[in-house]
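Derivation of every value follows stated rules applied to the coordinates shown; laboratory data play no part. Just so it is clear, the model here is predicted, and its values are computed rather than measured. Note that we place each Cβ from the backbone using ideal geometry, even for glycine, and neighbour counts take in every protein chain shown.
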Amino acid sequence: MDVYLIVIGTLLAAVCIWKIFGIVNRYKEAIRLYSHKEIQSIGKFHPIWGHLHLISNFDDFTDICFELVKETKTRIVSFWIMFFFPLFAICHPETAKIVLKSSEPKSKGPGGAYYPLMDWLGDGLLISDGKKWERNRRLLTPAFHFDVLKPYVSIYNKVFDIFLDKLEKATSGGNSVEVYDPIGLATLDTMLRCSVSYDERVQEQGSNHPYVDAMKKLTHISQERLLRPWLTWDFVFYLSPLGREFSRHTKYVHDFDEKVIRERRASLAADPSVLKKRHLDFLDILLTARDEQGTGLTDREVRDEVDTFLFEGHDTTASSIGWAVYSLAKYPEEQQKVYEEVTKVLGGRQNVEWSDIQELSRLSLFIKESMRMFSPVPGIARVTTKKMELDGVTLPVNTEVTIMIQVLNHHEEIWKKPQEFRPDRFVDESNRDPYSYVPFSAGPRNCIGQHFAMNEQKVALAKLIQRFRILPDPNNIPVPTNGVVTRSKNGIYVKLEKR
């Protein structure tokens, strides 16, 4: 017995020494990079907190990156979460291009940018990597074919008719109205209808609907966890009030999804011909997809993809539409150009049709410029699986790299007068590297649903501008804030005049 205890004790000691040795080597390597001439640190390094003492939120970090790029022309900024977790922020399109063209995975390990989402979204397309990601990406690609996207246009119209009726009622007395939250409800309504054919008056119930409440709370808690590294470890997080709340909402969302999946599987098994009697939704395609071996997705994989689609599809699109509405109000001359195009394309029709979407070219330019000014996703992260050279800097394995999309979108080397709102800058993009503008990411891991999102935005904004003239509210100027998506600290308020 004593021999066994000695052996076990020796093995544990060896593992501990090996771990400590690895941490020390990683620390030494990080210190070497920290002092590299091509890298700028965000400030004085604290031996315990790293750089956390310099920032209170993601806005502080973004602002510092903007300042360093302007002052030093740096392309890479270093930032340490406490003393053991360094990450590097990419602030130039040419450097970001190297990362985006690679197949490096998302950073989903403890401390990584996507780790707080894992227990909620699982290992869906947003987070998965390797062979699993390749297989599931291939299986899900048909879900975004034009023939599948076409019927969704009628859903967009129905959803945003409800949205516009609510706005008209709210502004009947000439008051301004906050639009970001109602837009978020509308895009979630769209996602639920298009993904699982769920239509239960989400917009009418608002935050009273448990799914709406769960999505809001899960997004907020995931973001908060990133800035509290002591909550990185699950056993600490789930003992905290935030963790318990996260667990409760995650259970509700997963129970909801699993019930819908079970019922749909049973329905398809009982009558497979039902697929020919109605338009396909996202869940239909997930359940019927088969790989080369004839193997489909498991229930857990289906749930992960549904959760991913609902989260990634509604929150980012809501951000984009919200800031586009604000931009329409702020730039009346550009609004007039869009209105004239919408009037010409739609004529007297109130509904946008599939054939109209490609005709709304001015609206496309406007949306692109709005997404440049207010990137729906301010940053995306990758983690190196092998050594990677960026601008003469060799990053070691297992290094997190964050591409600062909001900084790239305002880089003066790429964009002439980046603080000016100029949709015409997108008229001719032939001389611009496609990796210099990546609102939907780029490369092999680009957003599979970008056409779905753009189509929804066009329908929403075309219907809005056809019914209303959008005016700014001078007493409520929105203040952008960066998080998982770009929101406004104080909402987005506008005034609406019926045309």
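Once you wrap a convex hull around the alpha carbon atoms of region 376-499, what is its projected area averaged over all directions, in nm²? Numbers along the way, then the final one.
Numbers: hull surface 42.2 nm².
Dividing the Cα hull surface by four gives the mean projection, 10.6 nm².
Each distinct pair of alpha carbons in region 176-318 adds a 1/r term; the inverse of their mean, the Kirkwood radius, is 16.8 Å.
So which lysines can LYS73 reach, going by Cα to Cα under 28 Å and dropping same-chain residues fewer than 8 places off? By straight Cα distance, LYS73 reaches LYS28, LYS37, LYS44, LYS97, LYS101, LYS106, LYS368, LYS386, LYS387, LYS416, LYS417.
Legend: P(r) of the chain from all alpha carbon pair distances, 10 Å bins from 0, whole percents, reading 4, 18, 28, 26, 17, 6, 2, 1, 0. When its C-alpha radius of gyration is set against 2.2 N^0.38 Å (N residues), region 248-331 gives a value of 1.45. Which value at 222 nm does the chain reach when only helices count, each DSSP H run of 4 or more adding -39,500 (n - 2.57), with the total divided by all residues and rounded to the nearest 500 deg cm²/dmol? Per the formula, -16500 deg cm²/dmol. Once backbone amide H atoms are built at 1.01 Å from N, SER488 has THR481 as its partners under 5 Å, excluding neighbours fewer than 5 places away on the same chain.
Sort LYS330, LYS463 by Cβ crowding within 10 Å, fewest neighbours at the top. Numbers along the way, then the final one.
Numbers: LYS330 18, LYS463 22.
The order, fewest Cβ neighbours first, is LYS330, LYS463.
For region 333-439, the convex hull drawn through the C-alpha positions has a volume of 143 cubic angstrom per residue.
A crude spin-label estimate for the pair ARG265 and ASP428, with each label 7 Å from Cα along the Cβ direction, gives 5.6 nm. Here region 394-408 and region 302-343 have alpha carbon centers that stand 27 Å from each other.
For region 81-196, the spread of Cα coordinates along the three principal axes comes to 56, 39, 33 Å, biggest extent given first.
For region 247-290, give the magnitude of the charge dipole about the Cα centre (Cβ charges: +1 Lys/Arg, -1 Asp/Glu; no others), in debye to the nearest 20.
Values: 10 positive and 7 negative charges, 10 e Å.
In total the dipole reaches around 40 debye.
Between ASP59 and GLN336, the distance separating the two model label sites (each 7 Å from Cα on the Cα→Cβ line) works out to 3.4 nm.
THR141 to VAL274: FRET efficiency via 1/(1 + (r/R0)^6), r the Cβ-Cβ distance, R0 22 Å, to the nearest 0.05?
Numbers: r = 23 Å, r/R0 = 1.05.
Efficiency, from the Cβ-Cβ distance: 0.45.
The slack between ASP161 and LYS132, meaning 0.36 nm per residue of separation minus the straight C-alpha distance, is 6.5 nm. Note on the chain: with charges restricted to the Cβ of Lys and Arg (+1) and Asp and Glu (-1), its dipole about the Cα centre is near 280 debye.
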